């Protein structure tokens, strides 16, 4: 089997589970050496990307082990707290994980980027739409989407930088059927592999003319207009009687 990333080095933050794990496994499948950092204990670099000191130690570890970096995927998940309960410190921490860490890790590794390097930032469809009480997470995801095009311009000639905004991605592996699936224009909920395969594409030479872009992987949900009394959907305020 041809391995398109043989002898390449990939770095994935938050790579112990879910989307990050799928991305790391996809890179390994294609022959890349993969460095993971995650807070969960395991056979990877264990640490909190919200810490400057941890990022510096991790970057030194990656360079010490591999000497260079071909691909960086900033995936670590920020905290989700809403305006009613989110403290100042929690909001700051969400931004540290979701925006500052991708910026600083990119800065630390950029001097060792190999020719043809690529950065992929994992944002969210929440960078353009919201549910109540999600401010810390949504602000972080909006920030990383904007950071993407800024880095793409600053790193022109050194690395391409793009972002992915996943919609509903089921990380449990359990089949989701019925209205939760059918409401999606594609008829199903997303899987981690939907994001992982796009991340591989964005890092490949096939995406060589793409930089500074955000691609929303959401089954079409952010393109679907929903109004009261259409398609069996009715708006109810809290306390309203059931229809």
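Each reported figure results from applying straightforward, stated rules to the coordinates on display, with no laboratory input. This one's a predicted model, so the numbers in the text were calculated from it and none came from an experiment. Using ideal geometry, Cβ is built from the backbone for each residue, glycine included, and neighbour counts are taken over all protein chains shown.
If we sort 109-115, 157-163 on the protection proxy, mean other Cβ atoms within 10 Å, highest first, what's the order?
157-163, 109-115
Running a GNM on the chain with Cα contacts under 10 Å, which residue among 87, 165, 174 ends up with the highest mean-square fluctuation?
174
Please report the relative contact order for the range 9-223, taking Cα pairs under 8 Å with a sequence separation of at least 6, and give it as a percent rounded to a whole number.
21
With a Förster radius of 35 Å, plug the Cβ-Cβ distance of residue 4 and residue 150 into 1/(1 + (r/R0)^6) and report the FRET value to the nearest 0.05.
Values: r = 29 Å, r/R0 = 0.82.
E between residue 4 and residue 150, to the nearest 0.05, is 0.75.
What nm value, rounded to one decimal, do you get for the distance between residue 89 and residue 52 when each label is placed 7 Å out toward the C-beta?
1.9
Most mobile of 227, 71, 93 per a Gaussian network model of the chain (Cα springs, under 10 Å)?
Maximum among the listed residues: 227.
Taking 0.36 nm per residue of sequence separation and subtracting the Cα-Cα distance, how much length would be gained by fully extending the chain between residue 68 and residue 186, in nm to one decimal?
Using 0.36 nm per residue and subtracting the Cα-Cα distance, I get 38.5 nm.
Along its principal axes, what span do the Cα atoms of the range 149-243 show, with the longest given first and each in whole Å?
59, 29, 20
Suppose each label sits 7 Å from its Cα in the direction of the beta carbon; what would the residue 226-residue 193 distance come out to in nanometres?
Taking the two extended label points, one gets 2.8 nm.
Any idea how far the Cα center of the range 134-197 sits from the one of the range 79-113, in Å?
Answer, in whole Å: 17.
What distance in nm separates the simple spin-label points at residue 213 and residue 60, each placed 7 Å from Cα in the Cβ direction?
With each label point 7 Å from Cα toward Cβ, the separation is 3.9 nm.
Quick one: length gained pulling residue 206 to residue 107 fully straight, 0.36 nm per residue minus the C-alpha distance?
Gain on stretching residue 206 to residue 107: 33.1 nm.
Once you treat every alpha carbon in the range 176-228 as an equal point and sum by Debye, what is log10 I(q)/I(0) at q = 0.17, 0.31 Å⁻¹?
With one equal scatterer per Cα and no solvent, log10 I(q)/I(0) is -0.66, -1.20.
Using R₀ = 35 Å, calculate the FRET efficiency as 1/(1 + (r/R₀)^6) where r is the Cβ-Cβ separation of residue 172 and residue 114; round to 0.05.
Step by step, r from the Cβ atoms, then E = 0.45.
Determine the percent antiparallel among the DSSP beta bridges restricted to the chain, to the nearest 5.
Expressed as a percentage, antiparallel bridges in the chain total about 5.
Given a 10 angstrom Cα cut-off, can you work out which residue in 215, 23, 176 is the most mobile in a GNM of the chain?
Answer for the Gaussian network model of the chain: 176.
Hey, fewest Cβ within 10 Å first, where do 228, 35 land in order?
The most exposed by this proxy come first: 228, 35.
Note the direction-averaged projected area, equal to a quarter of the hull surface, for the Cα convex hull of the range 9-223, in nm². Present the calculation step by step, with values, prior to reporting the outcome.
On the way: hull surface 48.1 nm².
With the hull built on Cα positions only, its mean projection is 12.0 nm².
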